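Quick notes on the structure that follows.
What follows is calculated from the coordinates using simple rules that are stated; it is not laboratory data. Because the structure is predicted, anything quoted here is derived from the model rather than measured. Note that we place each Cβ from the backbone using ideal geometry, even for glycine, and neighbour counts take in every protein chain shown.
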Amino acid sequence: MPLNITIISGVTASGKTAEALRLARLTGAEIISCDSVQVYRGMDIGSAKPSKEEMSQVPHHLIDVAEPSEPFNVSDYISKAKLALEKISSEGRPVIVAGGSGFYLKSWFSAVTDNVQISDSVRAKVSEIFKDGGAGALAEALLKIDPEAYKSVDMLNPRRVSKALERCLQTGRSAADMLADFKRLPCPYGDLNRNFILIERSDDEISIRIRARTADMLARGLVGETKNLLDRGILRNPSASSAIGYRETIKWLDSGSKDEGKLYEDIVKSTLALVKKQKKFLRNNLF
């Protein structure tokens with residue numbers, strides 16, 4: 001029998017956390033976070049992580065599961081989320097998934113990773129191609145071994161081309177064949193009945209909420225938190241150090257600026273740009 005779960009999502013600052021907490025208190029549910037920044041310990045203020053009080057009231061999972069200096073990807077997320085899902089369901093409690101981080105969210109609907117293991121030698125070869133000739137060399141190398149790759153790979157996206165080239169070299173198969181296999185893969189969490197709640201607000205309301213939240217983050221000590229994360233090695237982890245709020249604060253600290261108003265505006269601008277990307281992702285991947 002399929003497992004019933006509730007998924008609450010929406011763009012940044014739409015109110016996902018508050019709605020998840022409200023519903024969890026009503027139903028006795030536990031929450032599995034679906035946020036790619038909240039997984040890191042010490043990244044609290046800038047990720048809008050639920051407070052300690054809130055997490056003491058409602059059990060949360062997939063929060064504070066990695067050091068900011070350690071890479072953490074969607075495969076790591078799926079592995080830990082599976083364990084959390086099994087634990088909660090075995091106890092007979094409702095499950096709420098809350099968040100909106102790209103492929104973390106998509107993994108609750110379909111496969112997001114394949115089963116191809118890339119060897120160090122293949123990864124090094126592709127890295128060398130990019131180092132010597134850039135994005136153009138990657139595309140040329142891919143089309144040389146798979147002339148039809150342009151039909152299934154975004155050739156203007158170096159990251160996509162790099163991934164496709166690695167897989168073609170590793171398997172000797174075409175990108176189209178591997179894409180067809182990938183589309184047949186099941187959801188990594190098994191058979192689920194999903195009650196999907198999308199929180200929608202007007203652009204003006206989201207803008208107001210983002211500005212208020214950014215001001216609150218700075219008032220609560222985002223700069224000090226970022227300094228502490230720098231001491232803990234966040235720069236060794238590109239995913240963590242490029243997270244919005246932290247990325248701008250790191251750049252601001254490096255500049256030696258004392259103008260916190262400029263930092264505020266930079267974070268707001270980046271967050272609004274992220275919202276546009278999130279809307280597009282939600283529209284293209286989940287509906």
Karplus-derived 3J(HN,Hα), 6.51/-1.76/1.60, for each residue of region 105-115, Hz, glycine and proline x: 5, 4, 4, 7, 10, 6, 5, 10, 10, 9, 9
Per-residue ³J(HN,Hα) for region 86-92, Karplus 6.51 cos²θ - 1.76 cosθ + 1.60, θ = phi - 60°, Hz, x for Gly and Pro: 5, 5, 5, 5, 5, 8, x
Residues whose modelled amide H sits under 5 Å from the amide H of Ile7, counting only those 5 or more places away in sequence or on another chain, are Val97, Asn195, Phe196, Ile197
Of the trypsin sites (Lys or Arg not before Pro) in region 205-258, which ones lie in a loop per DSSP and count no more than 11 other C-beta atoms within 10 Å? Lys258
When the Kirkwood radius is taken over all Cα pairs of region 1-138, what Stokes-Einstein diffusion coefficient follows at 10 °C and 1.306 mPa s, in µm²/s? 95
Per residue convex hull volume, Cα atoms of region 56-104, in Å³: 95
Report the relative contact order of the chain, percent, no decimals, based on alpha-carbon pairs under 8 angstrom and at least 6 residues apart. 29
About the Cα centre, and with charges only on the beta carbon of Lys, Arg (+1) and Asp, Glu (-1), how big is the dipole of the chain? Nearest 20 debye, please. 360
At 222 nm, what value in deg cm²/dmol follows for the chain if DSSP H runs of at least 4 each add -39500 (n - 2.57) and the sum is divided by all its residues, to the nearest 500? -17500 deg cm²/dmol
Kirkwood-type radius of the chain, with distances r between different C-alpha atoms, in Å: 20.8
Net charge, Ala176 excluded, C-beta distance under 13 Å - Lys, Arg +1, Asp, Glu -1: 0
Size of region 172-271 along its principal axes in angstrom, Cα-based, largest extent first? 54, 38, 22
Whole-Hz ³J(HN,Hα) for each residue in region 270-277, computed from phi via Karplus 6.51 cos²θ - 1.76 cosθ + 1.60 with θ = phi - 60°, x for glycine and proline: what do you get? 5, 5, 5, 5, 4, 4, 4, 5
Where N is the number of residues in region 212-285, Cα Rg divided by 2.2 N^0.38 Å: 1.18
Viscosity 1.306 mPa s, temperature 10 °C: what is the translational diffusion coefficient of region 120-183 from Stokes-Einstein with a Kirkwood Rh over Cα pairs, rounded to a whole number of µm²/s? 139
Starting from the exponent 0.38 and prefactor 2.2 Å, build the expected Rg for region 57-154 from its residue count and divide its actual Cα Rg by it. 1.51
